[in-house]
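The structure appears right after this line, and notes come after that.
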Amino acid sequence: MSTRPEVNIYTDGACSGNPGPGGWGAILVSAGKEKEISGGAESTTNNRMELTAAIEALKKLKAPCRVRLFSDSAYLVNAFRLGWLDSWKRNSWKNSTRQIVSNLELWKELDRLSQLHEIEWIKVKGHSGHEYNERCDTLATARSSEFHHSERKAND
């Protein structure tokens, strides 16, 4: 049995347009405490925001942990649960069509971080009333809208 601290991480990404202004949000829950984090980018994609949410949350962990990471992104969860990441690494970071994997630098960082922790990747259905997923969505869309509003002001 592992003596590592247990942490539940909930993540979500959002993008207005694809690409367009985007945001990400994450909530870390451990020992009865919660920490919300979020960020965004002026021009990004939804997939980049989904990956960034997981990366930024994992980077907040100060020691190796047992993590249950919940995401509504099949792109993120399936890369680990279905072995896509291992296949990409075996094939020099190329996908099944022999193209370099999209978001390569983010996948490499996730790969590095995932080796520090014991992570269970859990897919949740988005926009289905899951409390933490909804809260992460609110964080992500709020950060996305900050960039969306600044973009509108620049065009006025």
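The values are calculated or read from the model by the stated rules, or taken from the named source; none is laboratory data. Model, not experiment: these values are computed from the prediction. Every residue, glycine among them, receives a Cβ derived from its backbone with ideal geometry; neighbour counts consider all protein chains shown.
Filtering the stretch 89-124 down to residues that are of a type in the set (Phe, Trp, Tyr) and surrounded by 18 or more Cβ atoms within 10 Å (Cβ to Cβ), which residue is farthest from residue 49 (Cα to Cα)?
For the stretch 89-124, the residue satisfying everything is 121.
Kindly provide the set of residues from the stretch 97-141 that are under 22 Å from residue 40 (Cβ atoms) and of a type in the set (Ser, Thr, Tyr), ordered by number.
102, 132, 138, 141
Hey, does the stretch 141-155 have a residue that's surrounded by fewer than 16 Cβ atoms within 10 Å (Cβ to Cβ), of a type in the set (A, V, I, L, M) and farther than 28 Å from residue 5 by Cβ?
yes
How many of the residues in the stretch 62-96 are among the hydroxyl-bearing types (Ser, Thr, Tyr), at pLDDT 95 or above and over 18 Å from residue 28 (Cβ atoms)?
Number satisfying all stated conditions: 3.
Would you check if residue 86 is among the acidic types (Asp, Glu), part of a helix (DSSP H, G or I) and either in contact (Cβ under 8 Å) with a residue 60 or more places away in the chain or loosely packed, with under 14 Cβ neighbours inside 10 Å (or both)?
yes
Which residue out of 53, 57 is of a type outside the set (Val, Ile, Thr), modelled with pLDDT of 95 or more and touching a helix residue (DSSP H, G or I) at 6+ places or on another chain (Cβ under 9 Å)?
53
Within the stretch 76-88, can one find any residue that is under 26 Å from residue 127 (Cα atoms) and among the acidic types (Asp, Glu)?
no
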